[in-house]
Amino acid sequence: MTEEKKTKTANDSFAIIKTGGKQYVVRKGDVLDVEKLTDEEGKKLVFEDVLLVDDGKTTKVGEPLVEGAKVEAKLVEHGRGRKLHVIRYRAKSRHFRKYGHRQPYSKVEITSIR
């Protein structure tokens, strides 16, 4: 078996951002669903809560945030996730309740990492 060594290039740059109480690994051109944002569709966004930046050569780790790092994105659309069915049941009392929930989200496209 031959092993190929993968060399890092400028296209391998990535960052870890924090938004909506969650952390996401992002690369330029990625489209991801995040917790709903209040901005309107088509607007440019700047995520300043950047926890890590790797440009393919060096890695900067924040304590807790990387100084001066920004991730720019474009808000593509708002939407709602698929329906989740929630069932509450109490044993021996014939109590049963079923309802659904659809979590709202915003779809963003990463345009640059600085």
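Residues that are at pLDDT 95 or above and not basic (Lys, Arg) within region 43-57 comprise Leu45, Val46, Phe47, Glu48, Asp49, Val50, Leu51, Leu52, Val53, Asp54, listed in sequence order. How many of the residues in region 66-114 are acidic (Asp, Glu) and either loosely packed, with under 11 Cβ neighbours inside 10 Å or in a loop (DSSP other than H, G, I, E, B) (or both)? Of the residues in that region, 1 qualify. Taken over region 42-56, the criterion of being under 16 Å from Lys28 (Cα atoms) and either of a type in the set (Val, Ile, Thr) or loosely packed, with under 15 Cβ neighbours inside 10 Å (or both) is satisfied by Lys44, Val46, Glu48, Val50, Val53, Gly56. What do you reckon, is Leu37 touching a His at 6+ places or on another chain (Cβ under 9 Å) and touching a residue at least 40 places away in the same chain (Cβ under 8 Å)? The answer is yes for Leu37.
Within region 12-41, being open to solvent by 50 Å² or more (accessible area, probe 1.4 Å) and more than 13 Å from the chain's Cα centre (by Cα) holds for Thr38, Glu40, Glu41.
Of all residues in region 46-65, at least one satisfies being without any contact (Cβ under 8 Å) to a residue 40 or more places away in the chain, β-branched (Val, Ile, Thr) and assigned to a loop (DSSP other than H, G, I, E, B).
The values are calculated or read from the model by the stated rules, or taken from the named source; none is laboratory data. Every value quoted in this text rests on a predicted model; they were computed, and no experiment measured them. Neighbour counts run over all protein chains shown; Cβ positions are idealised from the backbone, glycine included. Note: accessible area is taken over every heavy atom of the protein model, side chains too, but ligands, DNA and RNA are not part of it. Shrake-Rupley method; radii C 1.70, N 1.55, O 1.52, S 1.80 Å.
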